[in-house]
């Protein structure tokens, strides 16, 4: 994608910076869109699910709250935490070796994680109570989710405004690709399981087929295998029904792809 306009559908972007009037023009603009479009995809889905929650949810429908809470604690919270850690510990320090990003980009994570921690606390109580008698927890989640969405969207917009110029002036695309591989190695398979499906599903909206094909071609073989055979199918049959539980008409059967039976199989380990 070096020195050419990225093959994206700009009008489908959820970015507060890039759109049909201001489409991404090179790899520098696209760099943060890859994770950020995935974050916003899940964030807006979370907002919709939380809006469907009822303070007076009957005990017979406690699964709606318990399933959503499990998704938040086990999937979304961990994915966002890992993304922030990668930026603070690897990505931003790397950029700062040649440029100077505002400290605010990293320090904003503190406020965001405080909101996420408060939601996590309420969700853990929902799980413990199996979604029964959770009126106070629902109120907390609904209140804090509104603040989280507003704060997160503004934060992502700031990053997408400030990071691309630094990349464009001081770095080459090949250098950033090498760094991304280091981030993947550090975060490991757990991050790929929790966050890669969100990135790929969001990409179905804003990236043209050739962009997605090229992105998949850069993925290490074992990761690509795990993604196509396990992570993606499980996302639609297990992760999404948990996340969207407050909106569903009836309780879903949460399923995952069956294991191959090998004792040291990666999906078994994870």
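Taking a point 7 angstrom from the Cα of residue 89 along the C-beta vector, which residues in the stretch 109-150 have backbone N less than 19 Å away? Residues 109-114, 117 fall inside that zone. Here 76, 211 are placed in order of increasing Cβ neighbour count within 10 Å, fewest first, which gives 211, 76. In a fully extended conformation the segment linking residue 100 and residue 151 would gain 16.1 nm over its present Cα-Cα distance, using 0.36 nm per residue. In the list [x] 118; [y] 131; [z] 139, the label attached to volume of the Cα convex hull per residue in Å³ as derived from the coordinates here is [y]. Counted by neighbouring Cβ atoms within 10 Å, the residues 139, 250 run from fewest to most as 250, 139. When you restrict to C-alpha pairs under 8 Å that are six or more residues apart and normalise by the size of the stretch 10-269, the relative contact order lands at 33 percent. Using just its DSSP H runs of length 4 or more, each adding -39500 (n - 2.57), the chain gives a mean residue ellipticity at 222 nm of -20500 deg cm²/dmol after division by all residues.
Helix 135-170 versus the longest principal axis of the chain: what is the Cα-based angle in degrees, 0 to 90, to the nearest 10? Helix 135-170 and the main axis of the chain meet at about 10 degrees.
Distance between the 7 Å Cα→Cβ label points at residue 135 and residue 257: 4.5 nm. Between residue 186 and residue 212, the contour length at 0.36 nm per residue exceeds the Cα-Cα span by 7.0 nm. A Förster radius of 35 Å, combined with the Cβ-Cβ distance separating residue 225 from residue 47, puts the computed FRET efficiency at roughly 0.60.
Could you tell me the center-to-center distance, by alpha carbons, between the stretch 1-32 and the stretch 106-122 in angstrom? That distance is 29 Å.
Only the coordinates and a few stated rules stand behind these numbers; no lab work does. Just so it is clear, the model here is predicted, and its values are computed rather than measured. Because the Cβ atoms are built from the backbone with ideal geometry, glycine has one as well, and the counts that use them run over all protein chains shown.
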